[in-house]
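Below is one structure, written out as structure tokens, with a few remarks after it.
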Amino acid sequence: MSRFPARLMPEDRSSPRSAEEAQALARGRLYRLVGLAFAFPHDALYEELASGAWERAVVEASAALPFSLGLADLSLTPAQAAGEELKAEYVRLFDVGRTGGPPCPLFAGHHERDRLHVMEELVRFYDFFGLSLAAGTMPDHLTAELEFMHFLTFREGEALRDGGDRQSYLRAERDFLGRHLGRFLTRLATKARAEKPLPFFDDLLELSHRFAQEDHAYVVATLGGA
């Protein structure tokens with residue numbers, strides 16, 4: 001079994017052979033980029049964010065998507081001098097909070113009535129594809145769910161390239177987005193707005209929510225009645 005959310009798939013590969021393969025790989029790359037931004041903003045990550053490198057990668061991946069995310073209204077590069085402020089805001093929103101825990105926990109089960117049931121469902125998804133969690137990783141953490149979507153879309157791209165079964169990955173994406181990740185990001189973004197987050201996190205949450213909703217609609221349309 002492969003363990004995650006460490007990177008399950010390589011970042012680089014040969015040029016895609018079709019528009020559909022390129023779109024699947026772009027979707028996967030964006031899931032990975034969003035997951036990276038939800039990691040704690042340590043110095044190396046903050047430098048990538050503040051330099052604009054992360055936003056440029058998001059724009060590049062988004063340009064190859066089979067739908068538009070309308071990124072013009074989002075600002076995805078934090079101010080150069082805001083490193084410590086960004087870390088403090090991450091802790092306030094997602095990690096510790098001020099009193100009684102964070103207002104916007106990055107664990108999906110904390111936004112549902114029965115966290116154990118949520119985690120059991122997620123583990124079944126992961127197990128079906130031969131994946132197990134790295135030690136210390138909870139199945140309902142946002143970064144794990146995003147990396148799983150990266151895995152599915154990358155495998156979809158491989159199937160398109162090799163003439164395999166794309167449909168099984170599309171069905172898994174549809175179900176995972178509809179029952180888990182899309183639902184989670186909707187609730188997370190709604191709770192975060194009430195906290196008036198720093199602009200970077202406000203726009204990151206909007207990007208994430210917008211992407212999950214558009215991708216789910218795309219997958220459903222692609223599957224049709226399947």
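Have a look at Lys191, Lys196 and point out the one that is closer than 24 Å to Lys87 by Cβ and in a loop (DSSP other than H, G, I, E, B).
Lys196
Please determine, by comparing only the residues of the stretch 98-156 that are of a type in the set (Ser, Thr, Tyr) and closer than 19 Å to Val34 by Cβ, which one is modelled with the lowest pLDDT.
Only one residue tops the list, namely Thr137.
Can you say whether Leu188 is closer than 23 Å to Tyr90 by Cβ and not charged (D, E, K, R), as far as the supplied structure shows?
yes
Based on this model, can you work out whether Asp95 counts as touching a Gly at 6+ places or on another chain (Cβ under 8 Å) and at pLDDT below 95?
Here the answer is no, as Asp95 does not meet what is asked.
Could you go through the stretch 15-23 and let me know if any residue there is surrounded by fewer than 12 Cβ atoms within 10 Å (Cβ to Cβ), in a loop (DSSP other than H, G, I, E, B), at pLDDT below 95 and polar (S, T, N, Q).
Yes, the stretch 15-23 contains at least one residue that is surrounded by fewer than 12 Cβ atoms within 10 Å (Cβ to Cβ), in a loop (DSSP other than H, G, I, E, B), at pLDDT below 95 and polar (S, T, N, Q).
Anything in the stretch 130-147 that is farther than 15 Å from His111 by Cβ and assigned to a loop (DSSP other than H, G, I, E, B)? List them, or say none.
Result: Gly130, Ala134, Ala135, Gly136, Thr137.
Which of the numbered conditions does His150 fail, given that it passes all the others? Conditions: (1) buried (at least 17 other Cβ atoms within 10 Å of the Cβ); (2) of a type outside the set (S, T, N, Q); (3) without any contact (Cβ under 8 Å) to a residue 24 or more places away in the chain; (4) in a helix (DSSP H, G or I).
Status for His150: all satisfied but (3).
Exactly one of these conditions fails for Val58: (1) closer than 16 Å to Phe201 by Cα; (2) surrounded by fewer than 21 Cβ atoms within 10 Å (Cβ to Cβ). Give me its number.
Val58 satisfies all of (1) closer than 16 Å to Phe201 by Cα; (2) surrounded by fewer than 21 Cβ atoms within 10 Å (Cβ to Cβ) except (2).
Do any residues in the stretch 41-57 that are closer than 14 Å to Leu86 by Cβ have Cβ atoms under 6 Å from those of residues that are of a type in the set (Asp, Glu), where the two are at least six apart or on different chains, and which pairs are they?
Trp54/Glu48
For the stretch 75-92, give me each residue that is in a loop (DSSP other than H, G, I, E, B), among the hydrophobic types (A, V, I, L, M, F, W, C) and either at pLDDT below 85 or farther than 14 Å from Leu49 by Cα (or both).
Ala79, Ala81, Ala82, listed by residue number.
Within the set of pairs 6 or more residues apart or between chains, which connect a residue that is of a type in the set (Ser, Thr, Tyr) and surrounded by 15 or more Cβ atoms within 10 Å (Cβ to Cβ) inside the stretch 119-131 to a residue that is modelled with pLDDT of 95 or more and part of a helix (DSSP H, G or I) with Cβ atoms less than 8 Å apart?
Tyr126/Phe148
The values are calculated or read from the model by the stated rules, or taken from the named source; none is laboratory data. Computed from a predicted model, the values in this text were never measured in an experiment. FYI the Cβ positions are ideal-geometry reconstructions off the backbone, even for glycines, and counts take in every protein chain you see.
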